[in-house]
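Engineer: Okay, handing you the structure first.
The values are calculated or read from the model by the stated rules, or taken from the named source; none is laboratory data. No experiment lies behind these values; they were computed from the predicted model shown. Glycine also receives a Cβ, built like all others from the backbone with ideal geometry; neighbour counts cover every protein chain displayed.
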Amino acid sequence: MNAPAFPPELDYPFPTVPTAPATQALAPGVHWLRLALPWALNHINLYLLDDGDGCTLVDTGLGDEASRALWDTLLAQWPRPITRIVVTHFHPDHIGNAAWLSTRCKAPVVMTMGEYLLAHVVHAQLPGFDTPTMQAHFREHGLDDERVEAQGARGNIYARGVPELPAQYERIVEGDVVRIDGHDWRVIVGTGHSPEHAALACESRGLLISGDMLLPRISTNVNAPASTPHDDSVGRFLASIRKFLPLPADTLVLPSHGLPFRGIATRVAQLEAHHAERDAQLLDVLEVPHTAADLLPVLFSRPLDRHQMMFALAEAIAHLNHLVATGRARRLHDAGGVIRFQAIPP
Ligand SMILES: [Zn+2]
């Protein structure tokens, strides 16, 4: 009898979640901090790594009052100063307190250029990243006026979660090594969720800080934003997560959401299967042309609030772009400027 190529289930060696400002040790000098988020996705995991006399922090939490109050408490009692802040990507729950903590701790912010620049561009709502462009993008994909207006009414939500951004940073690129407490952590860049997401792998310690690129329970949001409306983020995401496969099988993955887990190959296979299933579901329906907005109930069975709606539609467009990019569907443009997708029979 052949053993399966990967175990069927993930292993969760740390099932008890720490309550901030308390932390949980996951390995010597590796501390797990969990902060609350005011969204359906209600938490983010941050990691504090002992580093000589100081410590390196990976991700910073949303820049809201509740998170900053917890940081105040934690900093007052933490035995080592934060001497470096690594930000995996530009999303508010990851970068929200980076500038604030950087100033306060006099610690540099380390991140990729793609994430650093996009944070500034989205914060400033530059062309392509402003509300009217997003609304036009969603309208083109079949969202009705009422929901388009509702999206517009939300204002600059990014700046609310990220009150300030660092004016300087230390740049990392794919393959760079960040040395933490004498160990090499290799930067593995991923795309599809954000432009240049940095995960950190330490093979000598059997650890991977995966950020949002490999999560144990939820599938990472992949999206086609207004500025790159035809982007095949699903294809990019799938190619990116396969970069984790060469890591040792017993690597402990420290994700940004959910519990630390072992089982990289299992999780990658589950996500590949999930996306293949989505493709099949959509292709079934697309025998008749549909807009991305038409397909929201096919892809998302739960009701969506306004915040989720934006992610859901951008994700639906990304899935459809993936079908086009892989030659399985085509875009049809009607006279009113609305885009529908139709399956190409195999
Ligand atoms: Zn994210």
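Engineer: Of all residues in segment 321-346, which are within 16 Å of A280 (Cβ to Cβ) and modelled with pLDDT under 95?
Structural biologist: Listed by number, the residues that qualify are P345, P346.
Engineer: Of everything in segment 111-136, what is touching a Phe, Trp or Tyr at 6+ places or on another chain (Cβ under 7 Å) and touching a residue at least 12 places away in the same chain (Cβ under 8 Å)? Give them in sequence order.
Structural biologist: Of everything in segment 111-136, those that are touching a Phe, Trp or Tyr at 6+ places or on another chain (Cβ under 7 Å) and touching a residue at least 12 places away in the same chain (Cβ under 8 Å) turn out to be M111, E115, Y116, L118, A119, V122, H123.
Engineer: Would segment 189-197 turn up any residue that is touching a Leu at 6+ places or on another chain (Cβ under 8 Å) and of a type in the set (V, I, T)?
Structural biologist: Looking through segment 189-197, none of the residues is touching a Leu at 6+ places or on another chain (Cβ under 8 Å) and of a type in the set (V, I, T).
Engineer: Do we have P4 as modelled with pLDDT under 95 and either polar (S, T, N, Q) or closer than 30 Å to A249 by Cβ (or both) here? Spell out the reasoning first.
Structural biologist: Numbers: modelled with pLDDT under 95: yes; either polar (S, T, N, Q) or closer than 30 Å to A249 by Cβ (or both): yes.
Yes: the conditions hold for P4.
Engineer: Restricting to segment 74-121, name every residue that is over 18 Å from A36 (Cα atoms), of a type in the set (D, E, K, R) and within 22 Å of the chain's Cα centre (by Cα).
Structural biologist: R84, E115
Engineer: Report whether or not L252 is within 17 Å of the chain's Cα centre (by Cα) and more than 16 Å from the ligand (Cβ to nearest atom).
Structural biologist: Numbers: within 17 Å of the chain's Cα centre (by Cα): no; more than 16 Å from the ligand (Cβ to nearest atom): yes.
So L252 does not fit the description; no.
Engineer: Given the criterion within 16 Å of the ligand (Cβ to nearest atom), of a type in the set (F, W, Y) and at pLDDT 95 or above, identify the matching residue among F261, F237.
Structural biologist: Exactly one of F261, F237 is within 16 Å of the ligand (Cβ to nearest atom), of a type in the set (F, W, Y) and at pLDDT 95 or above, namely F237.
Engineer: Please go through segment 276-315 and give me each residue that is surrounded by 19 or more Cβ atoms within 10 Å (Cβ to Cβ), part of a loop (DSSP other than H, G, I, E, B) and in contact (Cβ under 8 Å) with a residue 60 or more places away in the chain, ordered by number.
Structural biologist: Answer for segment 276-315, where residues must be surrounded by 19 or more Cβ atoms within 10 Å (Cβ to Cβ), part of a loop (DSSP other than H, G, I, E, B) and in contact (Cβ under 8 Å) with a residue 60 or more places away in the chain: T291, A292.
Engineer: While we're on this one: Could you please let me know if T266 is in contact (Cβ under 8 Å) with a residue 24 or more places away in the chain, more than 15 Å from the ligand (Cβ to nearest atom), β-branched (V, I, T) and farther than 17 Å from V58 by Cβ? Spell out how you get there, then give the answer.
Structural biologist: Numbers: in contact (Cβ under 8 Å) with a residue 24 or more places away in the chain: yes; more than 15 Å from the ligand (Cβ to nearest atom): yes; β-branched (V, I, T): yes; farther than 17 Å from V58 by Cβ: yes.
Spelling it out, T266 is indeed in contact (Cβ under 8 Å) with a residue 24 or more places away in the chain, more than 15 Å from the ligand (Cβ to nearest atom), β-branched (V, I, T) and farther than 17 Å from V58 by Cβ.
Engineer: Inspect segment 55-73 for any residue being surrounded by fewer than 16 Cβ atoms within 10 Å (Cβ to Cβ), of a type in the set (S, T, N, Q) and more than 14 Å from the chain's Cα centre (by Cα) and give the result as yes or no. It would help to see each step written out before you state the result.
Structural biologist: Here is the first cut: in segment 55-73, the ones surrounded by fewer than 16 Cβ atoms within 10 Å (Cβ to Cβ) are 65-66, 69, 72-73.
Among the residues that remain, those that are also of a type in the set (S, T, N, Q) are: 73.
Next cut, more than 14 Å from the chain's Cα centre (by Cα) only: 73.
Scanning segment 55-73 turns up at least one residue that is surrounded by fewer than 16 Cβ atoms within 10 Å (Cβ to Cβ), of a type in the set (S, T, N, Q) and more than 14 Å from the chain's Cα centre (by Cα).
Engineer: Please go through segment 146-194 and pick out each residue that is in a loop (DSSP other than H, G, I, E, B), of a type outside the set (A, V, I, L, M), under 26 Å from G52 (Cα atoms) and touching a residue at least 12 places away in the same chain (Cβ under 8 Å).
Structural biologist: P166, Q168, Y169, E174, G175, D181 - these are the residues of segment 146-194 that are in a loop (DSSP other than H, G, I, E, B), of a type outside the set (A, V, I, L, M), under 26 Å from G52 (Cα atoms) and touching a residue at least 12 places away in the same chain (Cβ under 8 Å).
Engineer: Something else: Name the single residue, out of those in segment 218-229 being more than 15 Å from the ligand (Cβ to nearest atom) and not hydrophobic (A, V, I, L, M, F, W, C), that is nearest to D279 (Cα to Cα).
Structural biologist: That would be P229.
Engineer: Next question, about the same structure. On the given criteria, is P127 more than 16 Å from the ligand (Cβ to nearest atom), closer than 22 Å to D181 by Cβ and surrounded by fewer than 16 Cβ atoms within 10 Å (Cβ to Cβ)?
Structural biologist: Spelling it out, it is not the case that P127 is more than 16 Å from the ligand (Cβ to nearest atom), closer than 22 Å to D181 by Cβ and surrounded by fewer than 16 Cβ atoms within 10 Å (Cβ to Cβ).
Engineer: Okay, next question. Scanning segment 195-213 for residues that are in a loop (DSSP other than H, G, I, E, B) and either among the basic types (K, R) or under 16 Å from H89 (Cα atoms) (or both), which turns out nearest to the ligand (Cβ to nearest atom)? Outline the logic, then answer.
Structural biologist: Let us first name the residues in segment 195-213 that are in a loop (DSSP other than H, G, I, E, B), namely 195-196, 203-206, 212-213.
From the residues that got through so far, the ones that are either among the basic types (K, R) or under 16 Å from H89 (Cα atoms) (or both) too are 195-196, 205, 212-213.
Values: P195: 11, E196: 12, R205: 24, D212: 4, M213: 9 Å.
Going through the qualifying residues, I end up with D212.
Engineer: Looking only at segment 224-254, filter to residues that are in a helix (DSSP H, G or I) and among the polar types (S, T, N, Q); which one of those is nearest to H319 (Cα to Cα)? Before the answer, list the steps.
Structural biologist: To start, the set of residues in segment 224-254 that are in a helix (DSSP H, G or I) comprises 233-244.
Next, from what is left, pick out any that are among the polar types (S, T, N, Q): 233, 240.
Working: S233: 8, S240: 16 Å.
Restricting to residues being in a helix (DSSP H, G or I) and among the polar types (S, T, N, Q), the top hit is S233.
Engineer: Do we have R68 as farther than 28 Å from R154 by Cα and away from the ligand (no atom under 16 Å from the Cβ) here?
Structural biologist: Taking the combined requirement at face value, the residue does not satisfy it.
Engineer: Taking segment 94-132 on its own, how many of its residues are at pLDDT 95 or above, more than 12 Å from S194 (Cβ to Cβ) and assigned to a helix (DSSP H, G or I)?
Structural biologist: Final tally of qualifying residues: 13.
Engineer: So, one more: If you scan segment 76-110, which residues turn out to be away from the ligand (no atom under 16 Å from the Cβ), closer than 13 Å to D59 by Cα and of a type in the set (F, W, Y)?
Structural biologist: W100
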